[in-house]
Amino acid sequence: MVKLYDREMSRVEVAAHAGALSQFAGVRLMTLGDGVERGVRMLEFRTGSGLRFTVLVDRAMDIAEVEHRGRAIGWHSPTGFRHPGLHDPEGEDGFAWARSFSGFLSTCGLDHILSPQEVSTETYNYPGRKTARQPLHGRVGAIPAQLSGYGEVWHGDRCTLWAEGIIRQATVFGENLALYRRIEADVGGDEIRLSDRVVNEGFLKTPHMMFYHINIGHPVLEQGARYLAPISDVIWAAHEGRYQAQGAGYQNVPAPSNGFAEQVWQHEMVANAAGEVPVALVNDRIGLGIEITTRKDQMPCAFQWQYYQSGAYVMGIEPSTHHVLGNQAARDRGEMIWLGPQELRQYHSKFKVLDGSAEIAASEAAIRAIAAQPSDDFPTPSGQFPPLGGR
């Protein structure tokens, strides 16, 4: 059954109450028409529960806006949702990625994540190119998708909104990686489901790295908001030695401030019995939060990004395939994922709106039942990076 407006309804009952499902739910394709966003295709999802989110077809099918009953959850930066034709991944010594960085979900990869770095390309067997300069967080986030389809599908009395697309990161004398992405949400539901499949469609051994830059802004993020996670160890902090001076620990959110230097943590998370790792940011004052769930066997590492600068106020929840140590370290430690011809990796994630104090409390209890996170807001990082599988 579909739950709409506090009532359980069958497919026939839903149809009887409107001329079309689009009256209160559906997926619609549109094109942005002004400024740096001009020409970007966007899918708008409305579930009928108050959940509305948009998908940037021409930006790797990343999720741009997320809101619930008019309350924003996803973050917007000053850059806007910039057309990929304006993006220069090689610019600014590889840091030009930040000029196109905005929205709830920014996918990073597919063969590189984190800081710009020069790495070997010997597996591509091209004498003219021994190394490649990889830009910040890789190249996939600015690649337009080939839109395979979108719409609504009924399974008995349950209706699912969906979209699928293919994002191809490829070059001659290099990688040929395809990201097959499917996004779903149920009519009447408050959850977004993301299914990704990364395939090496070339015939040469290819490195693969990936993480999700999930960005949450105001009003969920404000002074007093809380970060909840099943943390067994705080491994690393880029800002160690200054985080107490900034007054920003890992779990309690301060107000925006001027002159804030970004902070990044890596936490070791514990999975529940199903192998899932739920992490949440909650605002008790307004009774709103967002819970992000990934699989430990797919993305074993977890970063937390804090940029509490006035005018760019944001927290990032960032599940990752690799440690924050980066590309070369993954190779040196034997942890790089090497995909052979037609080999693939799959990733499954859920983004659930927590609407009201009861849902926040239930999420907090479930997370704490997995592992009790450190009570100290400024824990001393252990520096112990657990070995990863790689291949």
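Values for this structure:
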item: Computed [θ] at 222 nm, deg cm²/dmol, the chain (DSSP H ≥ 4; -39,500 (n - 2.57); rounded to nearest 500); result: -2000 deg cm²/dmol
item: Calculated Rg and Dmax of the chain using C-alpha coordinates, Å; result: 20.8, 67
item: Using a Förster distance of 56 Å, the FRET efficiency for residue 310-residue 29 (Cβ separation, nearest 0.05); result: 0.95
item: Gain on full stretching of the segment that runs from residue 378 to residue 18 - 0.36 nm per residue minus C-alpha separation; result: 124.2 nm
item: Lysines with Cα under 19 Å of residue 205, excluding same-chain neighbours fewer than 8 positions away; result: 130
item: Global geometry of region 124-223, whether rounded, prolate or oblate, following the gyration tensor of its Cα atoms and the 1.5 cut on a/c; result: oblate
item: Surface accessible to a 1.4 Å probe, per residue, for the residues of the chain, Å²; result: 40 Å²
item: Net charge, residue 303 excluded, C-beta distance under 12 Å - Lys, Arg +1, Asp, Glu -1; result: -3
item: Estimated vicinal HN-Hα couplings, Hz - region 182-187 in sequence order (Karplus 6.51, -1.76, 1.60; Gly, Pro = x); result: 10, 10, 9, 8, 8, 4
item: 13 Å tail of the calculated P(r), region 316-356, as % of Cα pairs; result: 68 percent
item: Furthest towards positive pole of dipole, 341, 371, 381, structure part region 295-381, Cβ charges; result: 341
item: Under 12 Å, Cβ to Cβ, from residue 350 - net charge with Lys/Arg +1 and Asp/Glu -1; result: -3
item: For region 245-345, diffusion coefficient by Stokes-Einstein and Kirkwood Rh (Cα), 20 °C, 1.002 mPa s, µm²/s; result: 135 µm²/s
item: Whole-Å semi-axes of the ellipsoid equivalent to region 161-213 (Cα gyration tensor, √5λ, descending); result: 29, 11, 7
item: Label zone at residue 365, where the point sits 7 Å out along the Cα-to-Cβ direction: region 206-241 residues whose backbone N lies under 19 Å; result: 228-230
item: Share of alpha-carbon pairs per 5 Å distance bin for region 1-99, given as whole %; result: 3, 11, 17, 19, 15, 12, 8, 6, 4, 3, 2, 0
item: Taking the chain and dividing mean pair separation by its residue count, relative contact order in percent (alpha carbons under 8 Å, at least six apart); result: 15 percent
item: Dipole magnitude (debye, nearest 20) for region 47-89, charges at Cβ of Lys, Arg, Asp, Glu; result: 220 debye
item: FRET E, pair residue 244, residue 125, Förster distance 51 Å, beta-carbon r, rounded to 0.05; result: 0.50
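The values are calculated or read from the model by the stated rules, or taken from the named source; none is laboratory data. Please read these numbers as outputs of a predicted model, since none were measured by experiment. So basically every Cβ, Gly included, is an ideal-geometry build from the backbone, and we count neighbours across all protein chains shown. Please note that ligands, DNA and RNA were not included when accessible areas were found on the heavy atoms of the full protein model with its side chains. Shrake-Rupley method; radii C 1.70, N 1.55, O 1.52, S 1.80 Å.
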